[in-house]
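First comes the structure, then the notes that go with it.
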Amino acid sequence: GSLYEDLRERPVDADPETLWQVIESIGAEHGWFAAPLAWGLRGWNVLRAVPTRRAAARRESHHLHAGEALDWWRVEQLHRPHLLRLRADVPLPGRLWLEFSVHSDDNGGCIYRQRTLFQPYGLAGELFWTLTAPLRHVTLAGIARDISAAARRSDAGGLRGQRAFADVQTGQSDV
């Protein structure tokens, strides 16, 4: 069968731990960064079609667990602080995964990697993947952009922010 992939990578001027904290805070009360209204409508529409499941305990901020429900996703795999794989936990014409990973780079920053995988079930799945391409592109690009930006903002007050401020004061630049 087919397996479709949407892959996005971005260098992030933040330490890997900061980026990981942003990734692990997605969903629930923190939202999904890009197109929050669209994600909210998607979640509302899913709730109409699927019986609601309420978590027995409130989710700890920044600490996901394998098997945990996260909005309409399920945490399938978690290797803190490097990999988070979510599996769509709603009826779809195929299986859908959203994967986030963090890799250190040689400059003290890191690489943000976001991978979406879809295994379609028959013609309905093929049509779903094809017809949702414009919305998928905008939403997934926005998530990658916003997670990267949030990590940079979170890290700005740390050592990197101090170094950048010192470089501005002395007129030096890495660029």
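Read the figures in this text as sums done on the coordinates, not as results from a lab. Computed from a predicted model, the values in this text were never measured in an experiment. Note that each Cβ is placed from the backbone with ideal geometry, even for glycine, and that neighbours are counted across all protein chains shown.
Structural remarks
- Using a simple spin-label model with pseudo-atoms 7 Å out from Cα toward Cβ, residue 2 and residue 83 lie 2.6 nm apart.
- Cα-projected label distance for residue 138 with residue 121, points at 7 Å along beta-carbon direction, nm: 2.8 nm
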